[in-house]
Amino acid sequence: MTDIELLSQRARQKAARAEAGFYDRPSPNSIRESIDHTLLFPAPVAEEISVLCEEAVRFGFASVCVPMTSLPEAVRILTGTGVRVGTVAGFPLGASPLSIKASEIRWAIEHGADEIDTVINIPAARESNRQMIREELFALREAAQGKTLKVILEMPLLNDTQIITTLRLAEQAGVDYVKTCTGFAGSVTYYHVALLRTAASATMKIKASAGIRTYAAAEILMGLGADRLGTSSATKFLEPLSS
């Protein structure tokens with residue numbers, strides 16, 4: 001059995017045990033504080049961004065994640081609140097040339113972004129083109145200028161070897177988080193998070209995203225090792241806990 005096959009086997013066992021109820025349950029507060037409150041549909045208007053930001057403050061979420069055109073408004077509203085402001089680059093396909101992704105990141109930082117979620121070069125990951133992946137990750141890390149950088153692996157499109165290869169290159173580049181997926185190619189699974197946590201170093205953080213619609217799912221994903229949860233449904237499944 002290869003190292004990757006062994007990691008995959010361990011991750012499947014962890015995911016199955018968690019789904020059966022065997023995991024360390026995070027507190028409701030730790031779930032709240034892990035949420036990236038997300039609004040990434042194509043045409044949010046100012047009122048919708050305002051509501052998103054108000055909810056993030058009221059619930060004590062970690063951040064909001066908004067399209068780049070909405071970033072200045074979110075920064076204006078959330079400055080001084082303690083809620084971080086994130087945006088996306090090369091989203092959702094990861095198909096922009098590297099120079100354009102890097103320019104998007106620099107623009108976002110110039111306009112107040114605390115965090116950037118960016119999609120990797122997915123064809124390069126599918127081909128396990130280590131040189132191209134490494135070049136991109138190091139360039140994006142430099143463009144982020146020390147701000148929090150989350151690299152989206154788009155795991156539904158990759159096999160375990162491609163995922164772990166890209167994960168290890170992200171660690172070498174000093175990426176802050178690896179993120180499961182955008183939601184455009186499929187939703188996060190418990191196995192996705194279990195595999196990342198099993199294969200990653202202790203210092204690499206994990207963001208689970210796409211299709212997190214219930215408190216039970218959020219709880220299991222955090223129990224498996226997710227540090228952040230990207231979702232647009234958090235107020236729906238956390239509101240009952242506040243009443």
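Every read-out reported here was derived from the displayed coordinates using simple, explicitly stated rules and does not represent laboratory data. Since we're looking at a predicted model, the values are computed, not measured. Neighbour counts are summed over all protein chains in view; Cβ atoms, including those assigned to glycine, are modelled from backbone coordinates with ideal geometry.
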Cleavage-rule hits, GluC sites (Glu not before Pro), segment 124-194, DSSP coil, Cβ neighbours within 10 Å at most 13:
E127
Cross-link candidates for K14: which lysines have Cα within less than 22 Å, leaving aside residues fewer than 8 places away along the same chain?
K179, K205, K207
Got a sec to turn the phi values of segment 191-196 into Karplus ³J(HN,Hα) couplings, 6.51 cos²θ - 1.76 cosθ + 1.60 with θ = phi - 60°, whole Hz, x for Gly and Pro?
5, 3, 5, 4, 5, 4
Under a point-charge model restricted to the Cβ atoms of Lys and Arg (+1) and Asp and Glu (-1), what is the dipole moment magnitude of segment 1-154 relative to its Cα centre, in debye to the nearest 20?
460
Net charge of neighbours whose Cβ lies under 15 Å from the Cβ of Q13, counting Lys and Arg as +1 and Asp and Glu as -1:
+2
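Restricting attention to segment 51-80, which GluC sites (Glu not before Pro) occupy a DSSP loop and are surrounded by at most 11 other Cβ atoms within 10 Å?
Numbers: sites: E54, E55, E73; in loops: none.
Here no GluC sites (Glu not before Pro) fit, given the DSSP loop and packing criteria.
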Segment 122-243 - percent relative contact order, Cα under 8 Å, separation 6 or more:
21
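Rounded if a/c is under 1.5, else prolate if a/b beats b/c, else oblate: with a ≥ b ≥ c from the C-alpha gyration tensor eigenvalues square-rooted, which is segment 175-243? The partial results should precede the final answer.
On the way: a/c = 2.12, a/b = 1.62, b/c = 1.31.
Prolate, because a/c is 1.5 or more and a/b exceeds b/c.
Indicate the gyration tensor shape class of segment 41-94 (rounded, prolate or oblate), computed on the Cα atoms with a ≥ b ≥ c the square roots of the eigenvalues: a/c under 1.5 is rounded; otherwise a/b larger than b/c is prolate and the rest oblate. Intermediate results must be reported in sequence, preceding the final value.
Working: a/c = 1.96, a/b = 1.56, b/c = 1.26.
Cα axes put segment 41-94 in the prolate bin.
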Ranking G82, P92, T2 by how far each Cα lies towards the positive end of the charge dipole of segment 1-137 (+1 on Lys and Arg Cβ, -1 on Asp and Glu Cβ), the top one is T2
Length-normalised contact order for the chain - Cα pairs under 8 Å, 6+ apart - percent
21
Write out the trypsin sites (Lys or Arg not before Pro) in segment 135-214 meeting two conditions: DSSP loop, and at most 15 other Cβ atoms within 10 Å of their Cβ.
R213
Once phi is turned into θ = phi - 60°, what whole-Hz ³J(HN,Hα) does the Karplus curve with 6.51, -1.76 and 1.60 give for every residue of segment 64-76, x standing for Gly and Pro?
10, 10, 10, x, 4, 5, 8, 4, x, 5, 5, 4, 4
Under the rule a/c < 1.5 gives rounded, and otherwise a/b versus b/c splits prolate from oblate, where does segment 1-138 land using the Cα gyration tensor?
oblate
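Treating the beta-carbon of each Lys and Arg as +1 and of each Asp and Glu as -1, no other charges, what is the dipole magnitude of segment 102-186 about its Cα centre, to the nearest 20 debye? Each step should come with its number before you reach the end.
Values: 9 positive and 13 negative charges, 37 e Å.
So the dipole magnitude of segment 102-186 works out to roughly 180 debye.
With contacts defined as alpha carbon pairs under 8 Å and 6 or more residues apart, what's the relative contact order of segment 140-199 in percent?
Worked out over segment 140-199, it gives 41 percent.
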Test of understanding: what is the full-extension gain from T203 to A43, defined as 0.36 nm times their sequence separation minus their Cα-Cα distance?
54.0 nm
Excluding R197 itself, what net charge comes from residues whose Cβ is under 11 Å from its Cβ, given Lys and Arg +1 and Asp and Glu -1?
+2
In a shell of Cβ-Cβ distance under 12 Å around D24, excluding D24 itself, what net charge do Lys and Arg (+1) and Asp and Glu (-1) give?
+2
